[in-house]
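Here's the structure we're looking at; comments come further down.
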Amino acid sequence: MALSIEFNPSETLFAELVLPVPVDKLYTYRVPAALNTHIKKGQRAIVQFGNKKILTGIIFSIHNYPPKDYEAKYILELLDDHEAIFEHQFRLYQWIASYYMCSLGEVVNAALPSGLKLSSESRVQLHPAFDEDTTPFDFSETERMLLQRLKQESLNYSEIVKITGTKSILNLLKSLTSKEAVIVYEQVREKYKPKTEKRIRLRAPYTEKKSLEHLFETISRKPRHEALLLKYLQHVPVFTDSALNEKGVAKAVLVDEETTDSIIQTLLKKNIIEEFAVTVPRFGFESPVHESPFFLSGPQEEARNTILKQIEEKQALLFHGVTGSGKTEIYIDLIRRALEGGNQVLYLLPEIALTTQIVLRLKKIFGNSMGVYHSRFSDNERVEVWNGVRTGKFKFVVGVRSSVFLPFDNLGLIIVDEEHDPSYKQQDPAPRYQARDVALVMAQLHQAKIILGSATPSVESYYQTTINKFGYVKLSERFGSAVLPEIDFADLTLERKNKTNKGEFTQYLLSRMGEAIQKKEQIILFQNRRGYSPLVQCQDCGWAPRCINCDVGLTYHQYRHALVCHYCGYREELPRACPQCSSKRIITLGYGTERLEEELNLYFPEAHIQRMDLDTTRSKSSYEEIISGFETGETDILVGTQMVTKGLDFDRVSLVGIFNADRLMHFPDFRSHERAFQLITQVSGRAGRREKKGRVVIQTANPRHPLFKYISQHDVVGFLQDQLSDRKKYFYPPFARLLEVTFKHTDKKVVHQAAEKITESWRTKLKGIAMLGPSEPVISKIRNEFLLHVLLKIPRDQGQLAEIKIILTEWTDSLLHQKEFRNVKVVFDVDPV
């Protein structure tokens, strides 16, 4: 909550503000005397930053001490009469800034929905002293046309472009400004706008029975007017309760082919009805709660009781439930208990795709007490959830990683579902936070309980249970009569040798798919590569297209007929002839989800096939449409990237195919086996979730790989213990903390010089800290910047992390002040994934 400090209206006050800029400092502004009795910590304020910029800042502290080095500018306006950010949030944001090595301003910028930040729009108006008759300057025809329009109103840049037909208006405005004919100014505006709905109601006299009967007599010869009034009375029975008329009915409900808008306008003019606007929520489940009764099975009830017992003693608990065990039902039971105790609940999910199914289930149970928060929502929708949490309207929020920033003030329970998922880690821009770890800190700040749930726990979380820091509950069997799927391996090496494969499909996988389709069962095919083909090559000279901005090949997307870089978005057309040798023998190699979809249509023309990847799920409702089509049985085969691996629950999936398991395992990263195990186990868990046993077919060139033994036996704990042994031996997490430093510059020589110079300094100062690099990453150039990595491995138990961060930042600042290195970018990533 905000600190309740009262100030004298006549005092000279100053406020320190957090501004959304990547500078690690607070900015002091003077408080206008009129705001002395209104200002409080946590409010939003509008301030001028520099000469032209207008920013939205957050009041961090209020005091009587003016800055020594400069004259403080005044706060322009307070945007709230309440705190927008609570004390708990400030403490959390400060921890994030400190731990993840970024500025508090960057954290606040990431935390606040865009709709809560004011924007300033540049506008142009006539100079107050401008007189067209006395000015000594000549004006072009375009300038005169613009000046004539500016006499009527001020204009923004896009309006000027439209009026003048000139795309580049900079020279035009420079000319008019130098002639003192116009001035450019910033107009500040609030981004958030409440959603309103136009409604219709009868005017007061006609809510009485006699007046209404008389009205029908007067319009009896106008059947369309009569029809509209009858339609209104069907929705609003004023005879039963005249008070219902006050709320009226949505205008859209009354308008159809027969009762057009023109009829409504006629009745408005005759003062029979009136139109008014009301603010309405943007979410479609504001109706009363309809609880869907369900019962926990014996094993679920036992797991729930063990969870309740363990969280009395421990703040954090790892809930390890196999796929299809019914973890969500247990979560619902725990959420109900927390809400009944008067607490707020946060339910974190790693992907937007996961929210689709779960939200539909949860809204039937929790109704309008539940909010949903993710990046596919508009600015206005996110602001409504933010305000709903702050005011207590939403006691329960389901959301993705950014939900950790919401203004909770009475948080009692946090659930982190699929806690192993790397999507919880923010990459760019800063703060590069891990939402699961931030949630653990939130639990400490709020004295809340936190449950980390997964069928394939992360090595780090499982380790915490072995040292008795986290509680541990395991649910080993699926719900009801469902059993874990049978795992089969399709040997690519053998089939290629025997020439039984069709392209990259083994005959074994195609046969199993054909059997499933004949039985009217559904199939999920997993390939963690989107696009049509990851490689295009000339058969004669070996030419392959590469991105002009990045050190990476271009992926062919057939539906766009384009070669696309998945790192910077660069795009070019697929050439008809090789640009190097003019050969027309250009072929595509490898399989993305798009190519799989195309070939499956040839193999199974009677089947309906749908693709689920980043390219098919860009719109807000695309997830819902794809998932709905699969749930209802319209889709027979769902081809997808890792989106299809996470928490989706379908009744009729009997077969899961994993197209290329080897690529997952052999990525150059110490976590590659863990990721491969998690992805394969998770997508396998989509099969056979009801009575009939499912089957999983894994295509691999090496079915005897040790990893597959753990997968085929569903031995999660054995795999985790094996990984812990390896991690301890080679000093990787959870036995060490990793801190990755990336150097970026457009000149390869400069970035090498900078990285080598600063790394040498760090090694001198940080003796005893393992430091790998500087070295080029697998992709050494992205968006025209050359990259070098340095990896620090820091012991967990020596309390050195804070001191090391200070040394790193101080030496980095010193380097960047040198003229030759001032444009080098240095990015710190704590706990990289």
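The values are calculated or read from the model by the stated rules, or taken from the named source; none is laboratory data. What you see is a predicted model, and the numbers here were worked out from it, not measured in a lab. Reconstructed Cβ throughout: ideal geometry from the backbone, glycine too, with neighbour counts over all protein chains shown. Just the protein is used for accessible areas: all its heavy atoms, side chains included, with ligands, DNA and RNA removed. Shrake-Rupley method; radii C 1.70, N 1.55, O 1.52, S 1.80 Å.
Using R0 = 35 Å, the C-beta based FRET efficiency linking Lys825 and Ile467 works out to 0.40. Note on the chain: antiparallel DSSP beta bridges, both residues inside, total approximately 60 percent of the bridges counted.
Taking 0.36 nm per residue of sequence separation and removing the Cα-Cα distance, the Asp662/Val278 pair yields an extension gain of 132.5 nm. Note on segment 368-439: Kirkwood hydrodynamic radius from all Cα pairs is 12.9 Å, rounded to one decimal. Is there a pair in Lys729/Lys749; Lys117/Lys364; Lys744/Lys819; Lys502/Lys693 whose C-alpha atoms are over 24 Å apart, and which pairs would that be? The answer is Lys729/Lys749; Lys117/Lys364; Lys502/Lys693.
When Rg and Dmax are taken over the Cα atoms of segment 381-523, they come to 22.3, 68 Å. Overall form of the chain: rounded. Here a/c, set by the Cα gyration tensor axes a ≥ b ≥ c, is under 1.5. Subtracting the Cα-Cα distance of Asp333 and Asp81 from their residue separation scaled by 0.36 nm leaves 87.0 nm. For segment 515-647, the ratio of Cα radius of gyration to the globular rule of thumb 2.2 N^0.38 Å stands at 1.19. When each of the peptides 726-739, 810-823, 745-758 is scored by how many other beta carbons lie within 10 Å of its residues on average, the order from highest to lowest is 745-758, 726-739, 810-823.
Descending by average beta-carbon neighbour count within 10 Å, the peptides 311-323, 411-423 line up as 411-423, 311-323, the highest first.
What the chain shows is 48 Å² of accessible area per residue, with the surface traced by a 1.4 Å probe over protein heavy atoms. Could you pull out the GluC sites (Glu not before Pro) across segment 102-158 that fall in loop regions by DSSP (anything but H, G, I, E, B) with no more than 16 other Cβ atoms inside 10 Å? Answer by residue number: Glu132, Glu153. Amide H contacts under 5 Å for Ile54: Phe49, restricted to partners 5 or more places along the chain or on a different chain, H placed in the peptide plane at 1.01 Å from N. Database remark: amide H of Tyr373 closer than 5 angstrom to the amide H of Val398, Gly399, Val400 (H placed geometrically; neighbours at sequence offset of 5 or more, or on other chains; Pro and chain starts carry no H).
Share of carbon and sulfur in the accessible area of the chain stands at 48%, probe radius 1.4 Å. Placing pseudo-labels 7 Å out from each Cα toward the beta carbon at Val750 and Ala227 gives an inter-label distance of 7.3 nm.
Using the Stokes-Einstein relation with a Kirkwood hydrodynamic radius computed over Cα pairs, the translational diffusion coefficient of segment 90-165 at 37 °C and a viscosity of 0.692 mPa s comes to 199 µm²/s. For a test of the definition: using alpha carbon positions, the gyration tensor, and the 1.5 limit on a/c, classify segment 47-143 as rounded, prolate or oblate. Because a/c hits 1.5 or more and a/b exceeds b/c, segment 47-143 counts as prolate. In this simple spin-label model, placing a label point 7 Å from the Cα along the Cα-to-Cβ direction at both Gln713 and Glu246 gives a separation of 7.0 nm. Shown in residue order for segment 404-416 are the 3J(HN,Hα) couplings computed by the Karplus curve 6.51 cos²θ - 1.76 cosθ + 1.60 at θ = phi - 60°: 5, 8, 5, x, 6, 10, 8, 6, x, 9, 10, 10, 10 Hz (x for Gly and Pro). Within segment 417-437, which residues have the backbone N less than 16 Å from the label spot 7 Å out from Thr809 along Cα→beta-carbon, could you tell me? The answer is 430-433.
Can you bin segment 314-455 into rounded, prolate or oblate? Criterion: square roots of the alpha carbon gyration tensor eigenvalues sorted a ≥ b ≥ c, rounded for a/c under 1.5, prolate for a/b above b/c, oblate for the rest. Taking the square roots of the gyration eigenvalues as a ≥ b ≥ c, segment 314-455 is rounded.
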